[in-house]
Amino acid sequence: MTREKTPIHVFIDESGNLDFGGKGTDHFVLSAFLTTDPAACGRGLIGLCQAS
């Protein structure tokens, strides 16, 4: 018996930079979002944008 594998979609974004000199940002943020249904998540995000 084999189980069907569901793909996982990973979205990664960063903000800031890793320049440790005087021109670098104070913070560096790395975020990740995982989903098995990117279309449904996209519709939800569009709904949030349209609500504001």
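A few comments on the model shown:
- Theoretical gain in end-to-end length, Phe33 to Lys5 [0.36 nm per residue, Cα-Cα removed]: 8.2 nm
- Translational diffusion coefficient (Stokes-Einstein; Kirkwood radius from C-alpha pairs) of the chain at 37 °C, 0.692 mPa s, in µm²/s: 229
- Summary value for the chain: 34 percent relative contact order, contacts being C-alpha pairs under 8 angstrom separated by 6+ residues.
Values in this text are rule-based calculations from the coordinates and carry no lab data. Since the structure is predicted, the reported quantities are computational estimates derived from the model, not experimental observations.
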